[in-house]
1. Given the C-alpha centroids of segment B:204-242 and segment B:368-405, what is the distance between them in whole angstrom?
2. Determine the gain in length on full extension of the stretch A:Lys32-A:Leu47; use 0.36 nm per residue of separation and subtract their C-alpha separation, reporting nm with one decimal.
3. Could you give each residue of segment B:330-336 its phi-based ³J(HN,Hα) in whole Hz, using Karplus coefficients 6.51, -1.76, 1.60 with θ = phi - 60°, and x for Gly or Pro?
4. Which trypsin sites (Lys or Arg not before Pro) in segment B:219-275 pass both tests, a DSSP loop state and at most 14 other beta-carbon atoms within 10 Å?
5. Only four residue types carry charge here, +1 at the Cβ of Lys and Arg and -1 at the Cβ of Asp and Glu. Report the dipole size of segment B:48-302 about the Cα centre in Debye, rounded to the nearest 20.
6. Among B:Glu312, B:Glu85, B:Glu14, which one shows the highest mean-square fluctuation when chain B is modelled as a Gaussian network with alpha-carbon springs under 10 Å?
7. When the helices in chain A are scored as -39500 (n - 2.57) per DSSP H run of 4 or longer and the sum is shared across all residues, what 222 nm value do you end up with, to the nearest 500 deg cm²/dmol?
8. Simple spin-label model, 7 Å along Cα-to-Cβ: B:Lys191 to B:Glu77 in nm?
Amino acid sequence: MEINQIQDEIIDEFGFFGDWMEKYEYIIDLGKSLPLIEEQYKDESHLIKGCQSQVWLHAAEMDGKVQFTADSDAVITKGIIALLIRVLSGQKPKDISHADLYFIEKIGLKEHLSPTRSNGLVSMVKQMKMYGLALQAKP
Amino acid sequence: MESTATPAIRTLEEIRKDFPLLEREMNGQPLAFLDSAASSQKPNAVIQKIARYYEQEHANVHRGVYQISQEATTAFEEARELARELINAPSAEEVIFVRGTTEGINLVASSYSRKFIQQGDAVLITAMEHHSNIVPWQMACEAQGAELRVAPINDAGELLLEELYAMLDDKVKMVALTHVSNSMGTINPVKSIISRAHTLGIPVLVDGAQAIPHMKVDVQELDADFYTFSGHKMFGPTGVGILYGKREWLDAMPPYHGGGEMIKTVTFEKTTYNELPHKFEAGTPDIAGVIGLGEAIRYMNSIGHGRIQEHEHNLLAYATEALSQIEGLRIIGTAQDKASVVSFIVDGVHPYDLGALLDKQGIAVRTGHHCTQPLMDRFGIPGTVRASLAFYNNQTDIDRLVAGVKRALNMLR
Ligand SMILES: Cc1ncc(COP(=O)(O)O)c(C=O)c1O
């Protein structure tokens, strides 16, 4: 599926939640259930340090697509990472670097991607796009 | 005609109404504002004073011969006198307007160290300092080739005084420490520490950012050499603060910034500096901010420090007791002597998650390391959730915090 199709799918899913609690319970579940990254990548070189929470990000290229894995020490951050990975992982480098991640605002989680939260997510998205850009340049 | 009747004591609910922001909502919920240690809210008196100043009284200070400029200068200098009185400084010339605590510390660290700190000397700070009272000293020590010493604390978040005293010797040229810890609320015994440092001739700078909003401070009684605090944490505007310094030090120290206001005569060959306090107030100051700060002091005086202290003390005890009932919750900072801050973590729960879920419930707390990273490292935690109080907080705020934490934990655990 293409990036925007997945985004629209997520927006649809979130439309079913009645209030913020249901929404956050879902994100927390996502954050709890997914083993997102292999332990070996949870090291200093994959660490994106936020003031509040930390994020580890690993990228690998396979058949012209980028596979992302990531993790965080905070469960809400991790839940949002799961959504970001659902949207961006397995996509083409060019599509990743050009992606407009409108779903975050549409599902009402924009505040978590504000730089003032300094939870590592803003830097993580930037980093993902950088990978996209870098891998595009590869012959 | 002067009225001799004492005004009726206003209730807490009446006082809360002085703060328009407390009436707004956050995420569709009534606001429980528990982040005053980061910055307090402003009473109408301050907001209106600043508006009125810009509407009616604005002109640059200390320069014009015309009426409005002189009125502005008078109002500006009145605020200095109010600040002097607030901390019982011996004279208004020893009260310098700065941008805030951070600038106050930077001013001293930079100016004092250039004159009085040499290669091989040392500066002593503590393990619970705000970054604002660490980094300027690191910079000064690096520039002068001096050593930064850090006095340790115990698990309750109290200074280990014997260790601290053992670190004082003739190499130490400055002790800089906080009066009240912003992350734990610990009130440090600054008076004893100052008196001990003085036996060795070492001056002491006290970071009063978290003390002034909550307690009566008398710089002469403490015998502090420098005492600095921020307007925005004591119900005044952002961008303005106070540095008190003993005249003997301020006179001996070189100016910090150069520019207008701080000079007596300027030729291209040589400039002679103005007298205190102007020597350290280069450029056009934050006039509106200073006047607003003066009004904030008036406002605090109208409520009374005794009452502020008593109310906050009771509320802190109430909050500590209620939070302690929550399973797995650990309070960070359990000093004997505490003011207005309750910091905590919950087993297996990241502070960020807790803070985000409290935000959704209209409860404003701070999460993270509170600009005291070394302190968090000392406890081996990534950060805490910090609820901090001001006199406008009430039991409802605390009840909502406790209920909010429980609800968040139900979702997270
Ligand atoms: C203990 C302490 N020192 C210094 C500061 C810095 O104050 P400001 O940012 O107003 O300069 C703060 C503010 O958070 C503080 O709590």
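1. Comparing the Cα centres of segment B:204-242 and segment B:368-405, I get a distance of 21 Å.
2. Extra length available between A:Lys32 and A:Leu47 comes to 3.4 nm.
3. 10, 7, 9, x, 10, 5, 4
4. Taking segment B:219-275 and a limit of 14 other Cβ atoms within 10 Å, the loop trypsin sites (Lys or Arg not before Pro) found are B:Lys270.
5. 300 debye
6. With Cα springs under 10 Å in chain B, the top fluctuation among B:Glu312, B:Glu85, B:Glu14 is at B:Glu14.
7. -14500 deg cm²/dmol, from helical runs alone.
8. Each label point is offset 7 Å from its Cα along the Cβ direction, giving 3.4 nm.
The values are calculated or read from the model by the stated rules, or taken from the named source; none is laboratory data. Predicted model, so just to flag it, every value in this text is computed and none were measured. For neighbour counting, all protein chains shown are included, and Cβ atoms are generated from backbone atoms with ideal geometry for every residue, glycine included. For the accessible areas, the whole protein counts, side chains as well, though only heavy atoms, and no ligand, DNA or RNA atoms are used. Shrake-Rupley method; radii C 1.70, N 1.55, O 1.52, S 1.80 Å.
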